[in-house]
Amino acid sequence: LLILNTLDEWVTKVTLKDTQLFLLPFLGPKADLNEPKHTLSQFFIEIKDDCLSNYNIHTQFYTYNEMYKKEIVSKIKLISKLPGIETIVKFLSQRLIVAQGYLHSTDSRTTLLSLDGDKKDPKLKIEPELKNKHYIKKVKSVWKRLSLIGGESGLTSLPFLGKISGIGRGYHTGGTFPMSQSPSGFDSDLIGRPASLKRTHIIDASCFPDIPSGSVTLSVMANSTRIAEEAMLLDVKKDTKN
């Protein structure tokens, strides 16, 4: 919104890249309820297999969380009062392990962004790109691989309860004004300046050429530091010439 409004660009649509999010539940050993009731991710599994993707597939596993029980109950409201259901829910929630995974942006859907409204009160119009369907097949192939990995570790996958999240839910997004050595159109140069702007630098993931499946936080921090240092040197060189 900021960049398009700065450029007064009301026609062109730019692309927001996403990392497709998916969830795959497993049943495992009974949780030790003496441990904290809300656990963060306990371990990561990175899958690099050209048969699945040309890019890394990132998954992180979450063990016991007391919210699991509430989520299970919300899914079975119609039968939640039947005899024995509470025991079953307790059994499942104490053994549930959830794998949360992401695909590389190249394997994921994208969103088109453009200005909407009027110049006094511009809004951002968001249009999901619906043509790309190959991500569904790819996610299901990853589920099969994770099921095999889980089986070797004593975990039983529940793919019928798996979920492929909607577009934009991957948390890691960007690539709208990608950096390029030879920028054109709305590309950014190597110090994050989009559309030939001279004093405006993008320092978040919006200037990444693509978005990896894993966390981008440290990469964004490193790149923003680099851009800030190089941008500062531009002023130093200018002052030196003067």
- Query: How big is the charge dipole of the stretch 95-242 about its Cα centre, in debye rounded to the nearest 20, if each Lys and Arg gets +1 on its Cβ and each Asp and Glu gets -1 on its Cβ?
  - Reply: 500
- Message: Through the Karplus equation 6.51 cos²θ - 1.76 cosθ + 1.60, θ set to phi - 60°, convert the phi angles of the stretch 87-97 into ³J(HN,Hα) values in whole Hz; use x for Gly and Pro.
- Response: 5, 5, 4, 5, 4, 5, 5, 7, 10, 6, 10
- Counting only heavy atoms of the protein chains, get the accessible area per residue of the chain (1.4 Å probe) and round it to a whole Å² value. 61
- Task: Measure off, as a whole percent, the carbon and sulfur share of the 1.4 Å-probe accessible area of the chain, all protein chains present.
- Result: 57
- Note on the structure: Spelling it out for H172: with amide H atoms placed in the peptide plane at 1.01 Å from N, the residues 5 or more places away or on another chain with amide H under 5 Å from its amide H are T19
- In Hz, Karplus ³J(HN,Hα) per residue of the stretch 174-189 (6.51, -1.76, 1.60; θ = phi - 60°; x = Gly, Pro): x, x, 6, 10, x, 5, 8, 5, 10, x, 9, x, 9, 4, 9, 7
- Message: Using alpha carbons only, how many angstrom separate the centre of the stretch 2-66 from the centre of the stretch 104-145?
- Response: 15
- Message: Give the residue list of trypsin sites (Lys or Arg not before Pro) in the stretch 98-206 that are DSSP loop and have at most 10 other beta-carbon atoms within 10 angstrom.
- Response: K119, K120, K131, K133, K198, R199
- Message: Among F186, T225, W143, which residue has its Cα furthest toward the positive end of the charge dipole of the chain, with +1 on Lys/Arg Cβ and -1 on Asp/Glu Cβ?
- Response: W143
- Query: Roughly what angle does helix 134-152 make with the longest principal axis of the chain, taking Cα atoms, 0 to 90 degrees, to the nearest 10?
  - Reply: 50
- Item | Under the Karplus curve 6.51 cos²θ - 1.76 cosθ + 1.60, θ = phi - 60°, whole-Hz ³J(HN,Hα) for the stretch 72-77, x wherever Gly or Pro sits | 5, 4, 5, 7, 10, 3
- What is the dipole size for the stretch 135-220, taken about its Cα centre, with +1 at each Lys and Arg Cβ and -1 at each Asp and Glu Cβ, in debye to the nearest 20? 320
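The values are calculated or read from the model by the stated rules, or taken from the named source; none is laboratory data. Everything numeric here is computed off the predicted structure, so don't read it as measured data. So basically every Cβ, Gly included, is an ideal-geometry build from the backbone, and we count neighbours across all protein chains shown. Note: accessible area is taken over every heavy atom of the protein model, side chains too, but ligands, DNA and RNA are not part of it. Shrake-Rupley method; radii C 1.70, N 1.55, O 1.52, S 1.80 Å.
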